[in-house]
């Protein structure tokens, strides 16, 4: 977070290509959740941030038309307090932007289902 703005990326790859969400990725062996979140943020955007406590845990399960699970991710959301960098989209993202919650809603961006609920939690914790 940087003031009242958050960094969001438009995903280039599955799952949910074309949808806006928060940068993220996979933990490496031996990393804490906070270390992995800040590493992924930097790798995907060039932005450096300091990790706050984990915000929440979310299970994301996607099923095909017949109900079979296509993927199941357990996401640990971590708030990052901006330190430096404006951000540049890498190959995982088509675009990135620093936006307020109001701007995300006003622009009617196609978002990942968890984006606004996570943002609301983060904003409530910030107060």
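Readers should treat all values here as calculations from the given coordinates under stated rules, not as data from a laboratory. Keep in mind the model is a prediction, meaning the values are calculated, not measured. As a convention, Cβ positions derive from the backbone with ideal geometry for all residues, glycine included, and neighbour counts pool all protein chains shown.
Observations on the model:
- Each Cα pair under 8 Å and six or more residues apart adds its sequence gap; the mean of these over the residue count of the chain is a relative contact order of 31 percent.
- Note on residue 83 and residue 61: their simple-model spin labels are 3.8 nm apart, each label 7 Å out from Cα toward Cβ.
- MRE, 222 nm, helices only [DSSP H, n ≥ 4, -39500 (n - 2.57), over the chain, to nearest 500]: -7000 deg cm²/dmol
- Here the spin labels are modelled as points 7 Å beyond Cα on the Cα-Cβ line, and at residue 125 and residue 26 they lie 2.5 nm apart.
- Theoretical FRET efficiency, 1/(1+(r/R0)^6), r = Cβ-Cβ of residue 103 and residue 68, R0 30 Å, to 0.05: 0.20
- Sorted into 5 angstrom bins from 0, the C-alpha pair distances of the chain split as 2, 10, 20, 24, 23, 12, 5, 2, 0, 0 percent.
- The smallest convex shape that holds all Cα atoms of the range 58-97, its convex hull, gives 115 Å³ per residue.
- Taking one quarter of the surface of the C-alpha convex hull of the range 1-58 gives a mean projected area of 4.7 nm².
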